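The values are calculated or read from the model by the stated rules, or taken from the named source; none is laboratory data. Keep in mind that what you see is a predicted model, and the values were worked out from it rather than measured. Using ideal geometry, Cβ is built from the backbone for each residue, glycine included, and neighbour counts are taken over all protein chains shown. Note: accessible area is taken over every heavy atom of the protein model, side chains too, but ligands, DNA and RNA are not part of it. Shrake-Rupley method; radii C 1.70, N 1.55, O 1.52, S 1.80 Å.
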Amino acid sequence: IDTGKVKPICVKPPRYGPHEQRVITRLVEQLEEKGIVEDDDGPWGSQIVLASKPSQGHVHWSQFVFRLCVSYRKLNEVTRPFAFPVMRCDDAAEKAGDAAYFITMDLDAGYWQVNMRASARAKTAFYTPR
């Protein structure tokens, strides 16, 4: 995450409601148990946003299943764009040619499992109710 010489950006600590606090705490604890996130006390900080999974109209709001998302809008504003040509899906399938076997992966926690350089880790910090 190349931010050049920009001073660290830290959003105002958010005020989460009681239900949000319980949900966020539970989701963060699950990520901690898996060793995916860790405590940080650096100068960077972003806000957590809960996104409800789709098709839950029949469920009471207290039973919703949420995704833990982080709003990196402020960080993205100062990050130098990284242009990497991503191959189109149909081109990638053509390039596989006459292969007999294909392997796919479905990560347990999506982008939480993307490795990054040690210098970038602090920039991805986020606030929890704790």
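Structure data summary
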item	result
Segment Ser62-Val78, extension gain: residue separation times 0.36 nm, minus the distance between their alpha carbons	2.1 nm
Solvent-accessible area, 1.4 Å probe, carbon plus sulfur percent, for segment 1-41	47 percent
Förster radius 35 Å - calculated FRET efficiency between Asp40 and Tyr101 (Cβ-Cβ, nearest 0.05)	0.30
Choice from Tyr16, Tyr72, Tyr101 with maximal GNM fluctuation in the chain (Cα, 10 Å cutoff)	Tyr101
Value at 222 nm in deg cm²/dmol, rounded to 500, when DSSP H runs of n ≥ 4 in the chain each add -39,500 (n - 2.57)	-7000 deg cm²/dmol
Set of lysines with alpha-carbon distance to Lys74 below 24 Å, sequence-local pairs under 8 removed	Lys5, Lys7, Lys12, Lys123
Förster radius 35 Å - calculated FRET efficiency between Ser119 and Asp91, Cβ distance, rounded to 0.05	0.60
Per residue, in Å², the accessible surface of segment 1-83 once ligands and nucleic acids are set aside, probe 1.4 Å	75 Å²
Selected from Lys74, Lys95, Lys12 as most flexible by GNM, with the chain as the system and alpha-carbon contacts under 10 Å	Lys95
Accessible-area order (highest first, 1.4 angstrom probe) of the listed residues Lys5, Lys53, Lys34	Lys5, Lys34, Lys53
Assigned charges on the beta-carbon of Lys, Arg, Asp, Glu; segment 1-95 dipole about Cα centre (debye)	420 debye
Leading residue at positive end of dipole, the chain (Cβ point charges), from Thr3, Ala99, Ala120	Thr3
Protein-only accessible surface order, largest first, of Trp44, Trp61 at 1.4 Å	Trp61, Trp44
Highest-fluctuation residue, Arg80, Arg117, Arg67 considered, GNM on the chain with Cα pairs under 10 Å	Arg117
